[in-house]
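The values are calculated or read from the model by the stated rules, or taken from the named source; none is laboratory data. What you see is a predicted model, and the numbers here were worked out from it, not measured in a lab. Cβ atoms come from the backbone with ideal geometry, glycine included; neighbour counts cover every protein chain shown.
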Amino acid sequence: MSLIRTTSLSFVICTTAAFAQQHEAAPTTQEFTNSLGQTVTVTTPTSFLISPPVKDWPHVEERDSRAEERREVDERPERPPVVDPAALDEVDPVVQTTPASRMMHAPSVNFPGSNGTGYPPDPTGAAGTDYYVQAVNTSYKVWHKTGVSASATYNLSTLWTGSTNDGDPIVLYDRHADRWFISQFNDNPNRMLIAVSQTNDPLGSYYAYSFSFSQFPDYPKFSVWWDGYYMTSNSSKTAVVFERTAMLAGDPNARMVALSAPGVVSSGFKCVMPADADGDLPPDGTPCWFFNLEDNSWGAPADRIKIYRMNTDWTNVANTTVVQHQTLNTAAFDTNIGSGWENIAQPNTTQKLDAGMGYMYFRAQHTRWVDHNSVMLCHGTDVGGDHCGVRWYELRDANDGNWTIYQQGTWAPDAADRFQASIGMNDLGDIGLAYNVADELNSIYCGIRYTGRLAGDPLGQMTLSETNAIAGTGAQTGTERFGDYGHLSLDPDGNNFWFTGEYFVSGGNIRTRIFSFNVEDEFLGVEEGTTHGQTFTAFLAGGILNINAQDLPSTDGLVLDVIAMDGKQVITERVNAQGSSWNGTLDVDKLAPGIYFARIGNARFQRVQRFNVAQ
């Protein structure tokens, strides 16, 4: 249970950088009934402020301590009740029991993250063009992408005057707007706290919002979409959207629209994961997709993924809806491991760890391609005898909203337990998977590893060798409580993955790690590998966009698109490359001022370059 108390905010406007420019207003709340009979709740912020630059915040000292010596900062997910014991211990038909044979690169960057002062740390982070930003329970820090610190450590609560650190932070880099997004929840009163950077500088000022909830918004998960910042939570409001355009502009009256996703099968712990556009934004009009895990041992008809769609109408919010869209039966899985929260055995102690079973791991990464869309998902599963592996999926639709399971597999190549994973895809269709690992019998303390596959490899298989990011050197004792999520994100370069997660050192002290990796296999032959060194530049000269693409891995069906900030394709042209290169120009003089993206690609790869059409 959360331990935070929040004091009331007052109206303050200061001209010095030491204080926030703050606006306290009586929030407006309206309720509508949409055409489906659903209640649509629309609210404005309880408070809005412009924070002082982060670099001017007071610094905090990080503690080196075991979990039982820290303050628990967020609620523990409930365990799903087993209502059909016959559904347990099903044979996993897609488990990969053999190690990958190809060699994986060591991390290109690998450095210690913040440890915070609460537990679990729940590390989250993302890379921008120049910086990596991480938040944990209860702090915030910025690094250069080389791993060199770019800031001190700051209390997250500094962003929202009068708040204290309740927990469950989320950091996103909105690459489309070139801004940073940070959130955490608040208890007593129940609120969601959101901050959006004024510029692309994560050490600058933020537009900081506080939104009120009728119920505590536990375990909030966020995503970037073309028309909003979408959120789900373990509460009555399982489908929520915040007015992204207004928040990017610092509008103190930016709206929140909240509904309840119907028919969510769960244990009472609702964890519906929203699609997060890590590549190009979906076209305007595309609903935001939500994904829910359902185990037949909980009473669902089959092991499956339920898909919801949320259509937001910002012009007439009463028209906003969320509906069940599809149900996809998966290969059999079992999310029940051990007893309650005691799931993962550690060396030299009887204390086990909570694997985070019964819900999708963060995130549901959405990638838009020329002829389809992909969503990456993963969760923990028992592959037999209380042995935890990572089940992963790539879902696809042919730009028509009809989702299918393109591939699925379970990564459990040996006796070690693998859990708390996060998965993503790059702009070549390659997949990276990072996770925690522990093995009592082989004396492997809880550390962090990763694996991956190339786009053309056999479906459902991780083909690049498992690699250590950081090995654990000690066991946690005194509590089974482990973090509820790690976070893998894609670099704006479209190639490199970044991951932050939790592990333990000697004495059971908590650490977090930040590292970057790519899934290029340097040991592959040219005829069998994929070229990862291609370059793509697009720059404006007058009203002409000059484009240069080199070392293209594939030229069949090559398409050049110009995509607006709302996801709409405003220009589309077929490209005939000479060899593996193409140079050309586009007349964009008639485009309205704003941010655009030039994308070159086909069904196998894509490269994207951001450009700005000025006033």
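Could you grab me the full set of residues in segment 582-615 that are polar (S, T, N, Q) and closer than 19 Å to residue 178 by Cα? Those that are polar (S, T, N, Q) and closer than 19 Å to residue 178 by Cα: 609, 612, 615. Taking every residue in segment 566-579 that is in the same structural domain as residue 596 (by TED's automatic domain parsing) and pairing it with any residue that is loosely packed, with under 12 Cβ neighbours inside 10 Å and among the aliphatic types (A, V, I, L, M), at least 6 positions away or on another chain, yields no pair with a Cβ-Cβ distance below 6 Å. Considering segment 247-266, the residues that are free of Cβ contacts under 8 Å to residues at least 60 places away in the same chain and closer than 15 Å to residue 206 by Cβ include one that is surrounded by the fewest Cβ atoms within 10 Å (Cβ to Cβ), namely 249. In segment 428-443, the residues that are in contact (Cβ under 8 Å) with a residue 40 or more places away in the chain form Cβ pairs under 6 Å with partners that are of a type in the set (Ser, Thr, Tyr) and surrounded by 19 or more Cβ atoms within 10 Å (Cβ to Cβ), at six or more places apart or across chains, as follows: 428/530; 433/451; 434/422; 434/450.
Return yes when residue 81 is assigned by TED's automatic domain parsing to the domain that holds residue 335 and either modelled with pLDDT of 90 or more or part of a strand (DSSP E or B) (or both) and no when it is not. So residue 81 fails the test.
With respect to (1) out of contact with any Ser or Thr (no Cβ under 7 Å at 6 or more places or on another chain); (2) modelled with pLDDT under 90, the lone exception for residue 62 is condition (1).
Scanning segment 84-109 for residues that are at pLDDT 85 or above and part of a loop (DSSP other than H, G, I, E, B) gives 92, 93, 94, 100, 103, 104, 105, 106, 107, 108.
Residues that are surrounded by 18 or more Cβ atoms within 10 Å (Cβ to Cβ) and more than 23 Å from the chain's Cα centre (by Cα) number at least 3 in none of the strands (runs of 3 or more DSSP E) confined to segment 437-529.
Go through segment 117-157 and report how many residues are assigned to a loop (DSSP other than H, G, I, E, B), surrounded by fewer than 24 Cβ atoms within 10 Å (Cβ to Cβ) and at negative phi. Before the answer, list the steps.
Start the filter on segment 117-157 by keeping residues that are assigned to a loop (DSSP other than H, G, I, E, B), which leaves 117, 120-123, 128-130, 137-138, 145-148, 150-153.
Retained after the next criterion (residues that are surrounded by fewer than 24 Cβ atoms within 10 Å (Cβ to Cβ)): 117, 128-130, 145-148, 150-153.
Those still in the list that are at negative phi too: 117, 128-130, 145-146, 148, 150-153.
Qualifying residue count for the region: 11.
Elements of the type strands (runs of 3 or more DSSP E) sitting completely within segment 213-298 and holding at least 1 residues that are closer than 30 Å to residue 87 by Cα: these cover 218-225, 228-234, 239-242, 273-277, 288-294. Does residue 403 satisfy the condition of being under 13 Å from residue 96 (Cα atoms) and aromatic (Phe, Trp, Tyr)? Judged against the criteria, residue 403 is not a match.
Among the residues of this structure, residue 163 does not count as one that is at pLDDT below 95, part of a loop (DSSP other than H, G, I, E, B) and within 17 Å of residue 41 (Cα to Cα). Of all residue pairs spaced 6 or more apart or on separate chains, those with beta-carbon atoms under 7 Å, a first member in segment 501-527 that is under 17 Å from residue 103 (Cβ atoms) and at pLDDT 90 or above and a second member that is of a type outside the set (S, T, N, Q) and in a strand (DSSP E or B) are 517/432; 517/450; 517/497; 518/497.
Taken over segment 294-327, the residue count meeting the criterion of being out of contact with any helix residue (DSSP H, G or I) (no Cβ under 9 Å at 6 or more places or on another chain) and at pLDDT 95 or above is 19.
Quick check, is residue 177 part of a strand (DSSP E or B) and among the small types (Gly, Ala, Ser)?
no
Has segment 343-356 got at least one residue that is of a type in the set (Ser, Thr, Tyr), assigned by TED's automatic domain parsing to the domain that holds residue 298 and buried (at least 23 other Cβ atoms within 10 Å of the Cβ)? Among the residues of segment 343-356, not one is of a type in the set (Ser, Thr, Tyr), assigned by TED's automatic domain parsing to the domain that holds residue 298 and buried (at least 23 other Cβ atoms within 10 Å of the Cβ), which makes the answer no. Among residues that are assigned to a loop (DSSP other than H, G, I, E, B), surrounded by 24 or more Cβ atoms within 10 Å (Cβ to Cβ), in contact (Cβ under 8 Å) with a residue 12 or more places away in the chain and in the same structural domain as residue 463 (by TED's automatic domain parsing), residue 169 is not included. Within segment 394-409, does at least one residue satisfy the condition of being of a type in the set (Val, Ile, Thr) and without any contact (Cβ under 8 Å) to a residue 12 or more places away in the chain? Checked segment 394-409: no residue is of a type in the set (Val, Ile, Thr) and without any contact (Cβ under 8 Å) to a residue 12 or more places away in the chain.
Please note which strands (runs of 3 or more DSSP E) are completely contained in segment 301-413 and include at least 3 residues that are in contact with a Phe, Trp or Tyr (Cβ under 8 Å, 6 or more places away or on another chain) and not polar (S, T, N, Q). The strands (runs of 3 or more DSSP E) meeting that bar are 304-311, 321-329, 373-382, 388-397, 404-411. Can you find even one residue in segment 8-18 that is in a loop (DSSP other than H, G, I, E, B), modelled with pLDDT under 60, closer than 26 Å to residue 241 by Cα and of a type in the set (Ser, Thr, Tyr)? Yes - at least one qualifying residue is present in segment 8-18.
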